[in-house]
Amino acid sequence: MKKLFSIILGLLVVCGLLAFGAQKLQTSSGSTGKKVLNLYTWGDYIDPSLLTKFQKETGYHVNVETFDSNEAMYTKIKQGGTSYDLTVPSDYMIEKMKKANLLLPLDKSKLTGMSNYDSRFMNLDFDRHNRYSVPYFWGTLGIIYNDKYVKPGSINHWNDLWQTKYRNKIMLIDSARDVMGFALASMNQSLNTTDPATLLAARNKLNKLSPNVKAVVADEIKMYMIQNEAAVAVDWSGEASEMLASNSHLHYVVPSEGSNLWFDNLVIPKTAKHFKAIYAFLNFMSEPKNAAQNAEYIGYATPNKAAKALLPKAIRTDKQFYPDDNTIKHLQIYQDLSPAKVGLYNDRYLEFKMHH
Amino acid sequence: MQQKQRLSRSTAYFIPYMLWIVLFVIAPVLLLIYQSFFSINGQFTFANYQTYFSSSTYLMMTLNSVWYAFLITLATLLISYPTAYLLNETKHPQLWLLLIIMPTWINLLLKAYAFIGIFSQAGIANQFLSFIGIGPKQILFTNFSFIFVAAYIQIPFMVLPIYNSISELNTSYVNASRDLGATNWQTFSRVLFPLTLPGVRAGIQAVFIPSLSLFMLTRLIGGNKVITLGTAIEEHFLTTMNWGMGSTIGVVLIIAMVIIMWLTNGGKRRTRRGLK
């Protein structure tokens, strides 16, 4: 009897501790006080001095928590138990969150400064009439090369990567959608194709590229390119801008025949609580001066037309990060594909990685 | 009565451990097995296992993983056995042992990044190669660098059990074998090695099993030119969000590990009988 009692007591104590721990963990992710805003964003994705300025102007303290992939962010918001007020998913993820009912529509009457945004980057397929999202940054997928090893201007198109002179010289970003994507773009196919035969053809084309591939890596690509480890890399413009800032031998090209166009937009997840702070922040970030300061700090392209006009001329007219209309016309945004189709992309990509 | 009480108290002490095992070992494994029976759309299915065993990609990957784990274990063993032997001969083995264990105090990721620095184009290894007139070579992202770094990381786990079994060995066996006219090689292969086999076996288990599911090193050092099952699991959980397939690979890995444990332990019984 005593034994049974002690077992039950032990169990109860442990359960109590676990419940207490869970409670603690939940409240620690996202503070629930009054004058705060819980921002859930990518690492180092906002100029910290803007946060201080925002607090000075409005009195709201911004708690920043970071994620490193759209999928990780999605899982955390879906599971609940958090109180994030704003987050910054990419285009296809906005579509996915919308389908999963994880977003709250914007109250347009509370938004000022929406007219500052470039109309080319509004009302896009992933969020018609911007019901849920305000553009934050945009960018492309392209080729970075080092002019120590590659003659400037000799790489303009995806197909140039297949030349034998780049044997064992190219680094690829470890992302199924992007690697399959540039193979599809090189074949003049849609980056959102779900045709198995086309994807198979793209994989076969990638297999032919594999002698040129030095490595398939993730964030480390930045470090390697800065240290002149590889001659050529395929990566996103945001990463490229950081590389170019640290190594003047590097150049970035967006192939004019087509590539990916991506957006990171601010959205209000279902977990939001501090609505006054949210709209104050959205309006604050839409102000041209603030958006320009942020764009200069982060180095990504701003969708805020009025802010772009405030940027130094060298940045504003840089074709690498603000490509001309002709190139933009050929860029495609990733659509949110069904899990089975994403699986198809991933299987073909895994097969390419296995091939060497 | 008193004995009964003592018994109940000892079971009470056992509760935290049991809870730990149930909550963090048994429950996750059961969940993993449960997950592996669901398709990407959330329907109950055996298709994941079917896909695994009928797809040449996954089978190749399994072979790859086993092959690289074997190479890593072999490299580790070849370095560790002589090291453990020499360690036993030194004056202050505990001090040397501490020096061998020390690297395990450093985070794996840091060690991997250190090797990136050493092996890169402008790294120390290439500077040395240029200095002796060979010229810089591509070292990073090769099979060699992958096995080298993996072996470096695993060596302490191999040295420890082997050292323990060598130091426990009664030296009179070795002396007797020499007295009876055995050559050095015969002493080693007929006496020393068979008697230290349990240590070797424990070392192999400690190295081979984690090597099967390495995934970070395959990207950082191997540049994804070496693809193991660990890579596939990471991809299924984080990118495809196909948890079912990821779990299936996890279950297959667990089964593979059980088989390896069973094989290495089964061998022990056989040799013991053989010795008698």
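Within the range A:41-63, which residues are surrounded by 15 or more Cβ atoms within 10 Å (Cβ to Cβ) and either touching a Cys at 6+ places or on another chain (Cβ under 8 Å) or not in a helix (DSSP H, G or I) (or both)?
Those that are surrounded by 15 or more Cβ atoms within 10 Å (Cβ to Cβ) and either touching a Cys at 6+ places or on another chain (Cβ under 8 Å) or not in a helix (DSSP H, G or I) (or both): A:THR41, A:TRP42, A:TYR45, A:ILE46, A:ASP47, A:TYR60, A:HIS61, A:VAL62, A:ASN63.
Would you tally the residues in the range B:203-224 being within 28 Å of A:LEU337 (Cβ to Cβ) and within 7 Å of chain A (Cβ to nearest Cβ)?
Qualifying residue count, the range B:203-224: 3.
So which of A:LEU161, A:LEU199 is at pLDDT 95 or above and within 15 Å of A:ILE144 (Cβ to Cβ)?
Testing whether each residue is at pLDDT 95 or above and within 15 Å of A:ILE144 (Cβ to Cβ) leaves just A:LEU161.
With the requirement that a residue be in a helix (DSSP H, G or I) and of a type in the set (Asp, Glu), what does the range A:271-312 give you?
If the condition is that a residue be in a helix (DSSP H, G or I) and of a type in the set (Asp, Glu), then A:GLU296 is the only one that fits.
Tally the residues that are in a helix (DSSP H, G or I), among the charged types (D, E, K, R) and over 21 Å from the mean Cα position of the chain (by Cα), restricting the search to the range A:93-122.
2
Those residues that are assigned to a helix (DSSP H, G or I) and either charged (D, E, K, R) or within 11 Å of chain A (Cβ to nearest Cβ) (or both), I need them from the range B:225-245; list them, please.
B:THR231, B:ALA232, B:GLU234, B:GLU235, B:HIS236, B:PHE237, B:LEU238, B:THR239, B:THR240, B:TRP243, B:GLY244, B:MET245
Which residues, taken from the range B:210-220, are touching a residue at least 60 places away in the same chain (Cβ under 8 Å) and assigned to a helix (DSSP H, G or I)?
From the range B:210-220, those touching a residue at least 60 places away in the same chain (Cβ under 8 Å) are B:211-214, B:216-218, B:220; that's our starting set.
Across the range B:210-220, the qualifying residues are B:SER211, B:LEU212, B:MET216, B:LEU217, B:THR218, B:LEU220.
Among the residues of the range A:127-169, what is the count of those that are crowded, with 22+ Cβ neighbours inside 10 Å and basic (Lys, Arg)?
0
Given the structure, is A:LEU250 of a type in the set (A, V, I, L, M), outside the structural domain of A:ASP160 (by TED's automatic domain parsing) and at pLDDT 95 or above?
no
Being over 12 Å from the mean Cα position of the chain (by Cα) and not in a helix (DSSP H, G or I) is the filter here, so list the residues in the range A:64-92 that pass it.
The answer is A:VAL64, A:GLU65, A:THR66, A:GLY80, A:GLY81, A:THR82, A:SER83, A:TYR84, A:ASP85, A:LEU86.
Return the only residue of A:ALA233, A:ALA245 being among the aliphatic types (A, V, I, L, M) and farther than 19 Å from A:ASP174 by Cα.
A:ALA245
Looking at A:ALA272, A:ALA306, A:ALA280, A:ALA291, which is the one that is over 30 Å from A:ASN156 (Cβ atoms), out of contact with any Ser or Thr (no Cβ under 8 Å at 6 or more places or on another chain) and touching a residue at least 12 places away in the same chain (Cβ under 8 Å)?
Step by step, each of A:ALA272, A:ALA306, A:ALA280, A:ALA291 is checked, and only A:ALA306 is over 30 Å from A:ASN156 (Cβ atoms), out of contact with any Ser or Thr (no Cβ under 8 Å at 6 or more places or on another chain) and touching a residue at least 12 places away in the same chain (Cβ under 8 Å).
With respect to A:THR140, determine if the residue is in a strand (DSSP E or B), touching a residue at least 24 places away in the same chain (Cβ under 8 Å) and among the β-branched types (Val, Ile, Thr).
Yes; evaluated as a whole, the condition is true for this residue.
Considering the range A:181-239 alone, what residues qualify as being among the small types (Gly, Ala, Ser) and either surrounded by fewer than 18 Cβ atoms within 10 Å (Cβ to Cβ) or farther than 21 Å from A:LEU261 by Cβ (or both)?
A:SER190, A:ALA197, A:ALA201, A:SER210, A:ALA215, A:ALA218, A:ALA230, A:ALA231
When you go through B:SER8, B:SER56 one by one, which is the residue that is over 22 Å from B:GLN205 (Cβ atoms), small (Gly, Ala, Ser) and surrounded by 12 or more Cβ atoms within 10 Å (Cβ to Cβ)? It would help to see each step written out before you state the result.
Details: B:SER56 fails: surrounded by 12 or more Cβ atoms within 10 Å (Cβ to Cβ).
From the options B:SER8, B:SER56, the qualifying one is B:SER8.
Collect the residues in the range A:309-337 that are more than 25 Å from A:ASN156 (Cα to Cα), in contact (Cβ under 8 Å) with a residue 24 or more places away in the chain and not charged (D, E, K, R), keeping them in residue-number order.
A:GLN335, A:LEU337
Which of the residues that make up the range A:132-180 are out of contact with any Asp or Glu (no Cβ under 8 Å at 6 or more places or on another chain) and of a type in the set (S, T, N, Q)?
Correct list: A:THR140, A:ASN146, A:ASN156, A:ASN159, A:GLN163, A:THR164, A:ASN168, A:SER175.
Please go through (1) more than 20 Å from A:PHE137 (Cα to Cα); (2) more than 14 Å from chain B (Cβ to nearest Cβ); (3) charged (D, E, K, R) for A:ASP47 and return the number of the only condition it doesn't satisfy.
(1)
What single numbered condition from (1) in contact with a His (Cβ under 9 Å, 6 or more places away or on another chain); (2) among the small types (Gly, Ala, Ser); (3) over 25 Å from A:ASP118 (Cβ atoms) fails to hold for A:SER256?
(3)
If only one of A:VAL88, A:VAL36 is at pLDDT 95 or above and buried (at least 16 other Cβ atoms within 10 Å of the Cβ), which one is it?
A:VAL88
For the range A:333-346, state whether one or more residues are modelled with pLDDT under 95, away from every other protein chain (no Cβ under 14 Å), part of a helix (DSSP H, G or I) and under 20 Å from A:GLY139 (Cα atoms).
no
Checking the condition modelled with pLDDT of 90 or more, part of a helix (DSSP H, G or I) and surrounded by 24 or more Cβ atoms within 10 Å (Cβ to Cβ), which residue from B:VAL200, B:VAL251, B:VAL207 passes? Steps first, please.
On the way: B:VAL200 fails: surrounded by 24 or more Cβ atoms within 10 Å (Cβ to Cβ); B:VAL251 fails: surrounded by 24 or more Cβ atoms within 10 Å (Cβ to Cβ).
That would be B:VAL207, the only listed residue that is modelled with pLDDT of 90 or more, part of a helix (DSSP H, G or I) and surrounded by 24 or more Cβ atoms within 10 Å (Cβ to Cβ).
Just checking, does the range B:33-54 include any residue being in a helix (DSSP H, G or I), at pLDDT 90 or above, more than 12 Å from chain A (Cβ to nearest Cβ) and under 30 Å from B:ILE155 (Cβ atoms)?
No, every residue in the range B:33-54 fails to be in a helix (DSSP H, G or I), at pLDDT 90 or above, more than 12 Å from chain A (Cβ to nearest Cβ) and under 30 Å from B:ILE155 (Cβ atoms).
The values are calculated or read from the model by the stated rules, or taken from the named source; none is laboratory data. Because the structure is a prediction, the values reported are computed rather than measured. We place every Cβ from the backbone using ideal geometry, glycine too, and count neighbours over all the protein chains shown.
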